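Peer 1: Below are the structure tokens for one structure; questions will follow.
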Amino acid sequence: MADQRKPVRKPTAQKPAAQKPAQGKAVAPRPRTGEVGAVEPEGYTSLIEPRGAVSEFLAPVGGFGVTLSNMFRPTVTEQYPSEKVPAKPRYHGRHQLNRYADGLEKCIGCELCAWACPADAIYVEGADNTPDNQRSPGERYGSVYQINYLRCIFCGLCIEACPTRALTMTNEYELAGPTRAGMIWEKQDLLAPLRSGMLQAPHPMVEGTTDTDYYRGEVTGATPAQVAWVKEHRPDDPTLPGGAGLDAANVPGETAAEMARTVAAATKQGAR
Amino acid sequence: MTILSSGPTTSLVPAAPVAPVEPAGETVSFTVDGIETEVPKGTLVIRAAEQLGIQIPRFCDHPLLAPAGACRQCLVEVWAPGRDGKLAKMPKPQASCTLEATPGMQVKTQHTSPEADKAQHGVMELLLINHPLDCPVCDKGGECPLQNQAMSNGRASTRFVDVKRTFPKPIAISTQILLDRERCILCQRCTRFSEEIAGDVFIDLQKRGANQQIGTFDTSVLGFVGDAPLGASAEDTSGRPFASYFSGNTVQICPVGALTSAAYRFRSRPFDLVSTPGVAEHDAQGSAIRIDHRRGVVLRRLAGEDPTVNQEWITDKDRFAFTWQSAPDRITTPLVRNAAGELEPASWVEALDVAAAGLQAAQQPDDPRDTAVGVAVLPGGRLTLEDAYAYGKFARVALGTNDVDGRARPHSAEEEAFLGHHVAGRTLDVTFADLDRAPAVLLVGLEAEEEAGIAFLRLRDAVVHRKVRVLSVAALASRGLERLSGTLLPAAPGTEAEVLDGIGTDPSLAATAELLGSAGALVLVGERLAGVPGGFSAAVRLAQRTGARLAWVPRRVGERSAVEAGLLPSLLPGGRPVADSAARVDLAAAWGIDHVPSETGRSTSEILAAAHAGLLGGLVVGGLELADLPDPALAREALDRVPFLVSLEVRQSEVTDRADVVLPVAPPTEKSGTFVTWEGRPRPFPQALSSHAMADHRVLDRLADALGVELGLQTLEAVHAELDQLGGWDGARVGAPDVPASEPPVVAPGSAVLATWHLLLDGGRLQSGEQFLAGTAKRPVARISAGTAAAVGVQDGAGLSVSTDAGTLTLPAVVTEMPDHVVWLPTNAAGAGVRDALHVDAGAVVRLAPGPRTVEARS
């Protein structure tokens, strides 16, 4: 088709009669070849085969068929918050600070998550692990950890930056609160719950291991020496064998608890 | 005040003159990456490339340290003309940090030579073999030359699959400096710094091959004398427990995270710090520093770069002692003493009104028979120029008195005359650069390492590189003087004037006289000379006799600005004598008042004596520690007795405990201002932290306002404009002091003359809250000669009790080569303040006795 046209178009000023202004518009439309000397686009040819005569006849009421057929399909409307459907496994929900199998924290307070954060939502301060206060394997732990969920855009760059996989994202998406301060989650809110076999930090590392052994997953649970240390220093610790149990240990942080209450109230209000 | 552009004749503290450009000697022309360049002969290739803007990776190279060629990272391809004149390639890549440029040389860096690039990649790969991958926890991560250059000049991935070499970590070299050996790349910057610059070698290379490491010396190395640090520490090469005042610099120049400081370890990452340039507030050296803070909290300080002052080095006190500014006892609101006698928080308006009413009542008591009349001002010795000027103007305009004295230490009328005659208004007469050029430097009453750290480093550099001779008139040769290869002119305390007068007349001091007679020789006198009757007079006479130039090197940061701003009872700003009516008229015209008080004021001791005797109605006191005063006990009683006391303080202190009104002022990080170095060099600094705290000059301006006087010192700009307008003084100066030397005291058996000076790290208030630094302070000891020890019956290392009628100090005795019948004590060691315990200062006679056996034997 292109070859039927003139190969080069002069500016329109030289051919004022060739193009009339479109109706209702004061300005003449741009010539179809935007640039001088540009290759003409090929004409459009539909790939849909032309309809037969019967189809052409029923076309005006064909749209009702769509409605009718959908009336017999299963509904996709979710009855949130009456029924809560789990998010997809890789959904970017709120964060969690993980623990090693013996209960020590994975976070080393390196602040790489804060550095990676495009929204400046994370604030971290590191501190020394001491023999009396060993919170993570190695020399350093995160003493302050805050995520501001008013700023967080759930992009996940922080979890990519984390060198110890301490920070991951859960599927939890119900983040609502009545105050701004209540949207800033502290370390105790973010820490993953203790599971069976874990001892609440602080306690010494498994004897004879390094932080690299922890990272490689060679520590699989609290050892008797660690249990003995916790028994000596915190006899009432609920995570000790024979202690009050994990439910007593896994008390959510203040902010998390407040948010859980808010979400529960909103759920109750919204549920039918 | 014009800090940046003013002529020296018109400004109170003129700007530093531009250093003259030294004429270039022989030059060499060669090419780097095909770019022709001409550099002075002897220039290293890596420096020439730097000037052309060509980056060559490096670790061991440091402009202020001798070339080492230790890391091999800066390899370049070099072509040089051979004997036949033909350009020939050197067979192997060369280290550009040790290679001097030669004529016709062609250097190809990694930018143009694949061979150099490959060589650098290879070196980097080798350096990284044993370097741990702990960048996320390493303090250097984010500002690490190894990290950066591994990205720019290293392989993207590792080929090393074996187990890395590890060491137990970290080694505590001192309580402050920690060493992680596995991170070390053996560049030897730290060892070269401590050997070449500071002169206190504490770590060195050990072992060979893959096991080579930076290490401290074994504790089995025996036999040290003296200076032991307070905290646990490793030993230096001579077997002494390591106590360096400059060790923090090694942390800063370490190109990896091998050396870290305990105070900053794991506190922060470089990328969330905000940096502000600053000036150190701990001494009169004016070191440039960098203040790094996060969320309103200062986390660390680093050395700033200023070739004219501190080059790139600062003392550990400047680096680590900053927590005092945010100590828990900071005063945040004005406090007023209530009817019950307790200080309670008040609003600024209320506090200023109460203060003004109290000061007015003190000036004009209701009862005309009241002897306690008048208000005096004791501003303390740590002020900026602006604050010092405001104190002076407040005293003279708002209070109408010359009773203002910035000297919070032993002082004398002779010193006052010396400061007015020789120091005030003579800015930048003797500078740091003169220390480098001088053929000989005589230190009198000045322990350079302890009292003037940067001057010590500059002197040491001059001693090492330019063969400067250092002489010291002191009771004993300290380790600092030994490291300056200095000559001691022994003088028992109080006899310094005699020794100074002997130079040129005494045949045994003929060599000294000859040295001081050579052009450019310097005499540096310290503030301690104020305690020696006739000391300053003798120093002035010596300078006149030999032609050596004389400079005053005080310890505290605010001493020189106090002199320039006229914080002396006989001195007005800019060296104008109070006694000179022309000077008073000049100042009154500048201030827009009828007259400046003509009566010479009272000095610190006289003010305190008057307050003690109930002859003073009120006192306005700045940042002043009572324990620093010549007689702390008398000062405490004086402040208890003075009817009305206003205190301008940063933190709760002995003064604020006694004050009727406490007005909080800003510490240096929370205000901008200008410190003045001992040379008279203005060192302006900006405000680092945003704060509501007000600088002293603003508080004084508002206090004067409450008194009904307008000072016009509300803003820094206003103060500077006024200082500019005021300018210097070219009229008659205060006359030179001429005080005869006193006779040395008679020493009875069992007693001795006290010699004492301040150590850099001691019980000072500005070091509180910094326990890691405190551990590197020298262990307090009492030094006596072998003869004195035998006479008293004290063994080396056993306890020695030094007592006066006021009290007793017991410290371990260390037998030292020094005059007999003299005992040396540190002035203000933590828990052992001489003035506080004994109520005396250097030159006094004290009693000696063997101490109780419980004194800990030296470790």
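Peer 1: Label B:Ser508 and A:Arg272 with points 7 Å out from Cα along Cα→Cβ: what is the distance between them in nm?
Peer 2: Spacing of the two 7 Å Cα→Cβ label points: 11.1 nm.
Peer 1: A further question on this structure: Pairs B:Lys140/B:Lys207; A:Lys106/A:Lys187; B:Lys467/B:Lys778; B:Lys169/B:Lys207: which exceed 20 Å Cα-Cα? Display every interim value, and only then the final one.
Peer 2: Details: B:Lys140/B:Lys207 26 Å; A:Lys106/A:Lys187 12 Å; B:Lys467/B:Lys778 29 Å; B:Lys169/B:Lys207 18 Å.
Result: B:Lys140/B:Lys207; B:Lys467/B:Lys778 exceed 20 Å.
Peer 1: Lone cysteines in chain A, defined as no other cysteine's Cβ under 4.7 Å from theirs: which are they?
Peer 2: Here A:Cys107, A:Cys110, A:Cys117, A:Cys152, A:Cys155, A:Cys162 come out as lacking a disulfide-compatible partner, given the Cβ-Cβ threshold of under 4.7 Å.
Peer 1: Just tell me how shielded A:117-124 is by partners: mean number of partner chain Cβ atoms within 10 Å of each residue's Cβ, no decimals.
Peer 2: Numbers: counts 0, 0, 0, 0, 0, 0, 3, 3.
Average per residue, whole number: 1.
Peer 1: Sticking with this structure for a sec: Quote the charge dipole size of segment A:95-270 about the Cα centre in Debye, to the nearest 20; the model charges only the Cβ of Lys and Arg (+1) and of Asp and Glu (-1). Mind showing how you got there, number by number?
Peer 2: Working: 14 positive and 23 negative charges, 93 e Å.
For segment A:95-270, the charge dipole is close to 440 debye.
Peer 1: Okay, next question. Any number yet on Rg/Rh for chain A, C-alpha, Kirkwood? Intermediate results must be reported in sequence, preceding the final value.
Peer 2: Values: Rg = 32.0 Å, Rh = 24.9 Å.
Radius of gyration over Kirkwood radius for chain A works out to 1.29.
Peer 1: Say each of B:Ala786 and B:Thr487 gets a label point 7 Å from the Cα, pointing the same way as Cα to Cβ; how far apart are those two points in nm?
Peer 2: Those two pseudo-labels are separated by 2.4 nm.
Peer 1: Based on the alpha-carbon gyration tensor of segment B:751-850, what equivalent-ellipsoid semi-axes (square roots of 5 times the eigenvalues) come out, in whole Å, largest first? The partial results should precede the final answer.
Peer 2: Numbers: eigenvalues 109, 43, 23 Å².
Taking √(5λ) for each Cα gyration eigenvalue gives 23, 15, 11 Å.
Peer 1: Something else: Students often check this: by mean Cβ neighbours within 10 Å, which of B:515-524, B:757-766 ranks highest, and how do the rest follow? Walk me through the numbers before you get to the answer.
Peer 2: Numbers: B:515-524: 20.0, B:757-766: 22.9.
Descending packing order for the listed peptides: B:757-766, B:515-524.
Peer 1: Sticking with this structure for a sec: Mind pulling the angle between the C-alpha long axis of helix A:224-233 and the longest principal axis of chain A? Nearest 10 degrees, somewhere in 0 to 90.
Peer 2: Around 70 degrees separate the two axes.
Peer 1: If you place +1 on the Cβ of every Lys and Arg, -1 on the Cβ of every Asp and Glu, and leave all else neutral, what size is the dipole of the protein assembly as shown about its Cα centre, to the nearest 20 Debye?
Peer 2: Working: 108 positive and 134 negative charges, 1036 e Å.
Charge dipole of the protein assembly as shown: 4980 debye, to the nearest 20.
Peer 1: Please compute, for peptide A:52-64, the average count of beta-carbon atoms on other protein chains lying within 10 Å of each residue's beta-carbon.
Peer 2: Values: counts 0, 0, 0, 0, 0, 0, 0, 0, 0, 0, 0, 0, 0.
For peptide A:52-64, the averaged partner shielding equals 0.
Peer 1: Further question: In whole Å and largest first, what semi-axes does the C-alpha gyration tensor of the protein assembly as shown yield when each eigenvalue is scaled by 5 and square-rooted?
Peer 2: On the way: eigenvalues 792, 314, 277 Å².
That gives 63, 40, 37 Å for the three semi-axes.
Peer 1: Additional query: Could you tell me the calculated FRET efficiency between A:Thr45 and A:Val66, based on Cβ-Cβ distance and R0 = 30 angstrom, to the nearest 0.05? Write down the numbers at each step before the final one.
Peer 2: Values: r = 27 Å, r/R0 = 0.90.
Step by step, r from the Cβ atoms, then E = 0.65.
Peer 1: Here is a follow-up. Once Lys and Arg get +1 and Asp and Glu get -1 on their Cβ, which of A:Trp229, A:Pro241, A:Pro137 lies farthest toward the positive end of the dipole of segment A:95-270?
Peer 2: Value computed over the given set: A:Pro241.
Peer 1: How are the Cα pair distances of segment B:27-129 distributed, in percent, across 10 Å bins from 0?
Peer 2: In whole percents, the pair-distance histogram is 17, 50, 29, 4, 0.
Peer 1: Now, a different point. Taking R0 as 41 Å, what's the FRET efficiency between B:Ala88 and A:Arg90 from their Cβ-Cβ distance, rounded to 0.05? Walk me through the numbers on the way to the answer.
Peer 2: Working: r = 63 Å, r/R0 = 1.53.
That pair, B:Ala88 with A:Arg90, gives E of 0.05.
Peer 1: Then there is this: Would you work out which of B:Val463, B:Pro686, B:Leu99 lies farthest towards the positive end of the dipole of chain B? Charges go on Cβ: Lys and Arg +1, Asp and Glu -1.
Peer 2: B:Leu99
Peer 1: Report the label-to-label distance for A:Gln188 and A:Asn250 in nanometres (one decimal), using points 7 Å from each Cα along the Cα→Cβ vector.
Peer 2: Reported label-point gap for A:Gln188 and A:Asn250 is 1.8 nm.
Peer 1: Quick one: go through segment B:251-289 and flag any residue whose amide nitrogen is under 17 Å from the point 7 Å out along the Cα-to-Cβ line of B:Asn148.
Peer 2: Residues B:251-258, B:269-276 qualify, since their backbone N sits under 17 Å from the label point.
Peer 1: Taking only Cα atoms, what is the 0 to 90° angle, nearest 10, from helix A:254-270's long axis to the longest principal axis of chain A?
Peer 2: It is inclined by approximately 50 degrees.
Peer 1: Dipole magnitude of segment A:186-264 about its Cα centre, charges +1 at Lys/Arg Cβ and -1 at Asp/Glu Cβ only, in debye to the nearest 20?
Peer 2: The dipole of segment A:186-264 has a size of about 140 debye.
Peer 1: In whole Å, what are the extents of chain B along the principal axes defined by its C-alpha atoms, from largest to smallest?
Peer 2: 98, 63, 56
Peer 1: Which residue, B:Gln206, B:Leu385, B:Gly764, has the largest displacement toward the positive end of the dipole of chain B when charges sit on each Cβ (Lys, Arg +1; Asp, Glu -1)?
Peer 2: Ranked along the dipole, the leading option is B:Gln206.
Peer 1: While we're looking at this one, here's another question. Hey, got a sec? Which trypsin sites (Lys or Arg not before Pro) in segment A:106-176 land in a DSSP loop and have at most 12 other Cβ atoms within 10 Å? Let's see the in-between values first.
Peer 2: Working: sites: A:Lys106, A:Arg135, A:Arg140, A:Arg151, A:Arg165; in loops: A:Lys106, A:Arg135, A:Arg151, A:Arg165.
Hits after loop and neighbour filter: A:Arg165.
Peer 1: Where both partners of a DSSP beta bridge lie in the protein assembly as shown, what percent of those bridges are antiparallel, to the nearest 5?
Peer 2: Numbers: 83 of 125 bridges.
Counting only bridges with both partners in the protein assembly as shown, antiparallel ones make up about 65 percent.
None of the figures in this text is laboratory data; all of them are computed from the coordinates on show. Here the structure is a predicted model, which is why all the values come from computation and not from measurement. Backbone-built Cβ (ideal geometry, glycine too); neighbour counts: all protein chains shown.
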